[in-house]
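These notes concern the structure reproduced below.
The values are calculated or read from the model by the stated rules, or taken from the named source; none is laboratory data. As the structure is a prediction and not an experimental result, all values here were calculated from the model. Cβ placement follows ideal geometry from the backbone for every residue including glycine, while neighbour counts extend to all protein chains displayed.
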Amino acid sequence: MSDIKILAIETSCDETAAAVIEEVGGRPVVLSNVISSQVDLHAITGGVVPEVASRAHMEKIIPVIQESLENAHYPLPITHSNGQMNKDQLMKNEKREMKNCQHLLAGITHLAVTSGPGLIGSLLVGFNTAKALAYGLDLPIIPINHIEGHIYSAMGGKLINNQDTITRKNTITNTQKSINNLDIDNCDLDINCKLEIGTWKFPLISLTVSGGHTSLTLMKDHGVYETIGETLDDAVGEAYDKVAKLLNLGYPGGPVVSKFANEFRNKLSIFNFQFPKNSQQSNNQFENKKINGEMSKMENEKLQSPIVLPRPLLHDGTFNFSFSGLKTAVLYAVKKILSENSWESTDEIPENIKENICFEFEEAVADVLSSKLKKAIEKYSPKAVVFAGGVSANGYLKERLRGVVSGIDPEDNIKFLTPGKNMSGDNAAMIGLAAYYHIKRGDVKKWDQIHVDSGAELTS
Ligand code: KG4
Ligand code: ZN
């Protein structure tokens, strides 16, 4: 039996998540990573309603824990190309139905749980469940800061062992993977596939961007953090969600705003405004052409941007962010477009104009994030840069920020690390990975020594 087998639980916002992480050969391996998303519930209101979120966590927490324990116990059967499962696996699968929770919990050595920051009603569901399990099983427990978890999500790519399960609309969808190519399947990026735990070098800078957080963290070692900058108002993901709501594009806003922005970007590239991959100047080519009046009549007609958006706090000399003014600037731009065209609602705005707005918004976000990251790298000379949090799923932002790193370090000495698939949004595997390093340095607690804190800061 392994000395470390962690059951990790995360419920800080709108995903009910549980994962099992085991130490194998001196390394943490993710055995299961189950996420029950509430996205469909919150799509109805266009944002997370805290009361609705906590109630949904209450409903899902036990089934999600059970699913994650079962997945860790019995890897999903591999389906052959002819659609048949092999006999042994089929039998194991049948036995799986019969196992009770005592059996599944045997072998768990530690509990880990998100203790903040987050929505208090959501946090409490996971926190008290984990606390009760720690009490009942007489096991140590590790409270984990949610931002710390996101930072550790960037080491998940190589390590996911067997399976993820994502639950949507009460339907459990298993992502089946062959044991042999799991690592590859779970990686969004080549760099993650090559990532070995041992290659994590410090100091490291993490840009963590999600629906609730935007922060720059200097991590000097496992467990040694200094927050060097954070948002003074809205988080980046929140701004994406609000822009989407303004344009009536649905919830969550990030993926759809990003899709619209990409549509516009693709149109620009038809006119040869190629965005240099390794440049942080991105649309400067487009802007310069506009300013110098070099655009052809056709380019002008098709691509003239109706809006110019601010880059808040770009030159304020700090590592802080502010996105509420940017969101308001989008609101005023939309109002102007409506009144100039005598349209009554955003539904009347043609799709190409919405794409243009999303593009301008995403460019402003990318410029600010790139500029702050560049200055942080110049000041702190990190050996690795992590881009994590729900917004890090954004391919364009990922490329822009990767470009910042390679622009400063063409020799590729500074590693650029982002989470793999199913690890950028909220999940419990990242909480378990962070907990693993707490355990390794003896930082574990008893159930009666831990506290939940919805406004927790990431400190050492
Ligand atoms: O980390 P996360 O799942 O939850 C929080 O801790 O907040 O992040 C959710 C946020 C949402 O605001 C969502 O719109 C945003 O991440 N997001 C994206 C993308 N995918 C998700 N933002 C920009 N581009 C994306 N592709
Ligand atoms: Zn998060």
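Side notes on the structure shown:
- Test: ALA329 is touching a residue at least 40 places away in the same chain (Cβ under 8 Å), in contact with a Leu (Cβ under 6 Å, 6 or more places away or on another chain) and assigned to a helix (DSSP H, G or I): no
- ASP241, sole failed condition from (1) in a loop (DSSP other than H, G, I, E, B); (2) within 15 Å of ligand 2 (Cβ to nearest atom): (1)
- When region 386-417 is filtered for residues that are assigned to a loop (DSSP other than H, G, I, E, B) and within 12 Å of ligand 1 (Cβ to nearest atom), the ones remaining, listed by number, are GLY389, ASN394.
- Hits in region 323-353 (condition: more than 24 Å from LYS267 (Cβ to Cβ) and surrounded by 18 or more Cβ atoms within 10 Å (Cβ to Cβ)): PHE323, LYS327
- Scanning region 113-145 for residues that are surrounded by fewer than 24 Cβ atoms within 10 Å (Cβ to Cβ), out of contact with any His (no Cβ under 6 Å at 6 or more places or on another chain) and β-branched (Val, Ile, Thr) returns ILE120, THR129.
- Qualifying residues in region 354-374 (those that are among the charged types (D, E, K, R) and touching a residue at least 60 places away in the same chain (Cβ under 8 Å)) - the one surrounded by the most Cβ atoms within 10 Å (Cβ to Cβ): GLU362
- Region 17-48 - residue that is crowded, with 16+ Cβ neighbours inside 10 Å and assigned to a loop (DSSP other than H, G, I, E, B) and, of those, nearest to ligand 2 (Cβ to nearest atom): VAL48
- Top-ranked residue in region 116-158 [being within 15 Å of ligand 1 (Cβ to nearest atom) and part of a loop (DSSP other than H, G, I, E, B); ranked as nearest to the chain's Cα centre (by Cα)]: ALA154
- Filter result for PRO75 (outside any helix (DSSP H, G or I) and at pLDDT below 80): yes
- Boolean, SER460 is part of a loop (DSSP other than H, G, I, E, B), within 16 Å of ligand 2 (Cβ to nearest atom) and at pLDDT below 95: no
- Look at region 142-153: where a residue is of a type in the set (D, E, K, R), no partner that is near ligand 2 (Cβ under 9 Å from one of its atoms) sits 6+ places away or on another chain with Cβ atoms under 7 Å.
- All conditions in (1) within 14 Å of ligand 1 (Cβ to nearest atom); (2) part of a loop (DSSP other than H, G, I, E, B); (3) not polar (S, T, N, Q) hold for VAL256, with the sole exception of (2).
- Just so you know, in region 1-16 the residues that are assigned to a loop (DSSP other than H, G, I, E, B), out of contact with any Pro (no Cβ under 8 Å at 6 or more places or on another chain) and polar (S, T, N, Q) include one that is farthest from ligand 2 (Cβ to nearest atom), and it is SER2.
- When LEU123, LEU137, LEU133 are checked against the criterion of being in contact (Cβ under 8 Å) with a residue 24 or more places away in the chain and farther than 20 Å from ASN33 by Cβ, a single residue qualifies: LEU137.
- The residues of region 223-236 that are within 15 Å of ligand 2 (Cβ to nearest atom), touching a His at 6+ places or on another chain (Cβ under 8 Å) and not in a strand (DSSP E or B) amount to a single one, ALA235.
- When SER406, SER424 are checked against the criterion of being at pLDDT below 95 and within 16 Å of ligand 2 (Cβ to nearest atom), SER424 stands alone in meeting it.
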